[in-house]
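Here's the structure, in structure tokens; my notes come after.
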Amino acid sequence: MISNSSEAKDQPGAFAPPKARVSFLKRRQALGWLRQISIRLTVPLVLIVIWVIVSEMELIRPLFLPPPGQMKQAFENLDSLLPQAILTTTTMTLTGFAIGTAVGTLMGLIMAYSRIIREFLGTVFDFLRPVPVFALIPLFILWFGIGRAPQVALIAMGTSVILGVTTLEAIRNVPPIYIRAALTLGANRRRIYRTIILPYIIPHLIGAIRVSAAASWGLDVAAEFMGSQQGLGYLIILQQTYLRTSGIILLVIVYSILAFITDMVIAFIEAHITRWTERRTSGGIVASIIGLA
Amino acid sequence: MAQQNREPGQPKIRLEHLFFGYEKQFVIEDFSLEINDREFVSIVGPSGCGKTTLLNMIAGLLQPTQGQIWLDNIHPDHPGPDRTMVFQSDAVFPWYTVEQNIEYGLKATQKPRKERRETVDRLLHLVGLEADRKKFPRQLSGGMRKRVDIARAMALQPKVLLMDEPFAALDVLTKERLQEDFLDIWTSTPMTVVFVTHDLEEALFLSQRVVVMSRNPGRVEKVVNIPLIHPRRLVVKTSAEFQEIRRDLVEVMYAMHGGLEAR
Ligand SMILES: Nc1ncnc2c1ncn2[C@@H]1O[C@H](COP(=O)(O)OP(=O)(O)O)[C@@H](O)[C@H]1O
Ligand SMILES: [Mg+2]
């Protein structure tokens, strides 16, 4: 009945590049990848070179910084213990992280949803928020003993505080216009939470989720230091007792890789659930200014 | 299909001595107006005179400090699907696709799936966005997003449609096209429309009655009937009759604001 040809022209994809240009673009893209990889690897490579030079020239005692050659030996020493330790540590960290993220987000949502609950829990929440979770480790061990449960609880607590605060703050920033629109369309409070507030805050929570994922690995190390009979953190303490510096470095690298993979997975998931966000359309100079390209 | 039975019926909306203040001062002061069933009324006034505030009160999003609003025979103290709204700023939900946006109110009011499908299809056709149903709002132009907004508000078949400067942010061509399209839609749908704008020409072209609002305090300055017959086409804007009414109203607005705010 009504056409909108005058508006149809500014749709994306209306102008497809000619074929010759496509292959040119592909080649440029491939070059771009090479360039990117080499840029990304420069700093790690330089650091390794410095490491080799420093230890070859014996500028630092091997006890403090072992030569790279010793890493292989360290790996052989720990080889048989690593799989089990990685499994234990990863399970505990991710469990604590998952519980903490869920509980924290839920707490934030509930506190925004209900004024009574907010006033009821608000004071406790405000008190707990600035407490350094690491300081609670000895208490947790005293109360719950050594074992997986207190460690998971500790990680969950650290994570949930971060997520709780961020969620509450993100909800307060939901533009009122969306809520007004939903109200006039007949939505009730519950539906508004499910269909407006939740989708709106998710992209705003991703940053906090990534921060708390990283913090989870840190909390896990600390928890394992304090009392544990298995896991990567426990192995680090073991290496320290025998003064095996190379073993410590190896285990730290393992931790880093695990944390890195977690972060990549979160970033991947984010890209899929926030397809609607405005920044996906940023290109050119805008993208370069806000650090997207 | 033109539904020409647009003689004044019973008043659909009655605003009686409305007062509203956000802080100490009243923004709306002693505002009274009756709007008939299936009427197309425009409210014109300079920005900041309280047009959005007034619509929010009719929508049930704000409660008047004093005075009464009647919708048929009830006081609407809460938003309801019988009065939907097209907002001044972009209010299409960016996380939903075009069709999900249009379906939103139908889901909220628990319409059965089959009815939802049919209504969404009908409205997509009505606003000419069938090809874009799976797109996200960020992939659309401003004019297309406004079409989504209008379709979303109309999906519930409201008795009253409240429109808050819906076309103000658009370029002239898109705007005029949407004005004409929207008039067609209104002609074929039994709806009372309260259309707020700061654009006098837009108000004259669209509506049967124009209410000129004053600022500080916001109240009714003048009410004018527009005798041009519907359906109207854009060319009517160049007619002598149209220009004459326009001249009269411009004078009213100049007199009101010392020539600064009116256009
Ligand atoms: N939430 C608010 N709090 C305080 N003052 C407001 C608020 N919203 C609007 N106002 C004031 O009320 C007056 C009328 O606003 P509004 O209804 O938005 O006018 P219009 O839609 O005609 O431009 C303006 O002076 C504006 O500054
Ligand atoms: Mg306004």
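The table for this structure:
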item	result
Residue-averaged beta-carbon neighbours from other chains (10 angstrom radius) around B:169-177	1
Length-normalised contact order for segment A:69-290 - Cα pairs under 8 Å, 6+ apart - percent	29
Paramagnetic reach from B:ALA255 in segment B:34-55 [backbone N under 18 Å; point 7 Å along Cα→Cβ]	B:44-46
Residues with amide H under 5 Å from that of B:GLY218, placed H, sequence gap 5 or more	B:ILE28, B:GLU29
Per-residue average of Cβ from other chains inside 10 Å of B:95-107	3
Above-threshold pairs, the threshold being 20 Å between Cα atoms, out of B:LYS12/B:LYS114; B:LYS12/B:LYS159; B:LYS12/B:LYS111; B:LYS159/B:LYS237; B:LYS146/B:LYS175; B:LYS12/B:LYS175	B:LYS12/B:LYS114; B:LYS12/B:LYS111; B:LYS159/B:LYS237; B:LYS12/B:LYS175
From phi via Karplus (6.51, -1.76, 1.60), per-residue ³J(HN,Hα) for segment A:176-191 in Hz, x at Gly/Pro	x, 4, 5, 5, 4, 4, 4, 4, 5, 8, x, 7, 9, 3, 4, 5
Net charge of neighbours whose Cβ lies under 10 Å from the Cβ of B:ARG219, counting Lys and Arg as +1 and Asp and Glu as -1	-2
Length-normalised contact order for segment A:164-293 - Cα pairs under 8 Å, 6+ apart - percent	19
Set of lysines near B:LYS107 by C-alpha distance (under 18 Å), chain-local residues within fewer than 8 positions excluded	B:LYS134
Chain B, relative contact order in percent, only Cα pairs under 8 angstrom and at least six apart counted	25
Dipole magnitude of segment A:196-293, debye to nearest 20 (Cβ charges: Lys/Arg +1, Asp/Glu -1, about Cα centre)	180
The protein assembly as shown: antiparallel DSSP beta bridges as a percent of all, rounded to 5	45
Highest-first arrangement of A:108-118, A:128-138, where packing means the average Cβ count within 10 Å	A:108-118, A:128-138
Amide H within-cut-off set for A:THR277, under 5 Å, with H built and near neighbours excluded	none
Gain in span if fully extended, A:ASN188 to A:MET264, counting 0.36 nm per residue against the direct Cα distance	23.7 nm
Averaged over A:183-195, number of beta-carbon atoms from partner chains that fall within 10 Å	6
Whole-angstrom gap from segment A:95-126 to segment A:137-200, using each part's C-alpha centre	5
Computed [θ] at 222 nm, deg cm²/dmol, the protein assembly as shown (DSSP H ≥ 4; -39,500 (n - 2.57); rounded to nearest 500)	-18000 deg cm²/dmol
Dimensionless Rg ratio for chain A, taking C-alpha atoms and the 2.2 N^0.38 Å reference	1.32
Surrounding net charge for A:ARG148, when Lys and Arg each add one and Asp and Glu each subtract one, Cβ distance under 13 Å	-2
Using θ = phi - 60° and Karplus 6.51 cos²θ - 1.76 cosθ + 1.60, couplings along segment A:129-138 (whole Hz; Gly, Pro as x)	3, x, 5, x, 4, 4, 5, 8, 4, x
Inter-label distance, nm, simple model (7 Å from Cα along the C-beta direction), A:GLU58/B:GLN25	8.5
Cα-based reach from B:LYS135 at 12 Å (exclusive), listing aspartates and glutamates while leaving out same-chain residues under 8 positions away	B:GLU99
Where labels lie 7 Å past Cα in the beta-carbon direction, separation of A:VAL286 and A:ASP126 in nm	3.9
Values of log10 I(q)/I(0), in the order q = 0.09 Å⁻¹, for the protein assembly as shown under a Debye, Cα-only, solvent-free model	-0.85
Nitroxide proxy distance, nm - points 7 Å out along Cα→Cβ at B:ARG113 and A:LEU82	5.1
Cα-based reach from A:LYS72 at 24 Å (exclusive), listing lysines while leaving out same-chain residues under 8 positions away	none
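Read-outs: derived from the displayed coordinates by stated rules, not from any lab. Keep in mind it's a predicted model, so treat the numbers as computed, not measured. Cβ atoms come from the backbone with ideal geometry, glycine included; neighbour counts cover every protein chain shown.
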